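Read through the structure below, which is laid out as structure tokens, and then see the notes.
The values are calculated or read from the model by the stated rules, or taken from the named source; none is laboratory data. Everything quoted here is computed from the prediction, not taken from an experiment. For neighbour counting, all protein chains shown are included, and Cβ atoms are generated from backbone atoms with ideal geometry for every residue, glycine included. In case anyone asks, the SASA skips ligands and DNA or RNA and just uses the protein heavy atoms, side chains included. Shrake-Rupley method; radii C 1.70, N 1.55, O 1.52, S 1.80 Å.
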Amino acid sequence: MTFCPFCEIIGNDRLAYRIYEDEHTLAFLDINPEVEGHTLVVPKKHVTKLNDLDKETLKLIMETTQKVVLHYESIGYCEGANIMASSGVAADQSVPHFHIHVLPRHLDDGFDSWPVNDNKNEAQFELERVLNKLKL
């Protein structure tokens, strides 16, 4: 396996500010936060991207993500959260260990997490054509 900073954190070989941990998952503060409290949720077993996750691990990661958000909201730390993940280099995944970003949010916090595509074209709005390409 190639170098993985998240595996080093999981193995206690690298410092991390751990928010929550169980047998299968770990949630810790991002060292390069976009907002205060920016948290990463990772599976403890090394899995590179979403397509490599088995259903049980995916379920456990999402349960931990929900637990973190519910905790942050219940203690009044935030009023909501953005939940984001990138899978693969083309999607800007920067660490080759699947992870979910939890971005605690407040009303009127000024952070705009939604991407804006200034290069849209009319073909993107032909939803029936897109549906025919994508439907399972």
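Annotation for residue 14 and residue 131: the two label points, set 7 Å from Cα along the Cα-Cβ direction, are 4.4 nm apart. Take the chain with all the other protein chains still there, run a 1.4 Å probe, and you get 69 Å² of accessible area per residue.
For the chain, the list of Cys residues with no other Cys C-beta under 4.7 Å reads 78. In percent, rounded to a whole number, the relative contact order of segment 1-90 is 20, using alpha-carbon pairs under 8 Å and six or more apart. Protein heavy-atom surface of the chain, 1.4 angstrom probe: 54% of the accessible area is carbon and sulfur, with nucleic acids and ligands not counted.
A run of the chain free of exposed loop cleavage sites, with chymotrypsin sites (Phe, Trp or Tyr not before Pro) counted only in DSSP states other than H, G, I, E and B and at most 15 other beta carbons within 10 Å, reaches its longest extent at 18-76. Shown here for segment 1-75: GluC sites (Glu not before Pro) in loop regions (DSSP other than H, G, I, E, B) with at most 11 other Cβ atoms within 10 Å, namely 23. Rounded to the nearest 10 degrees, the angle from helix 55-74 to the longest Cα principal axis of the chain is 80 degrees.
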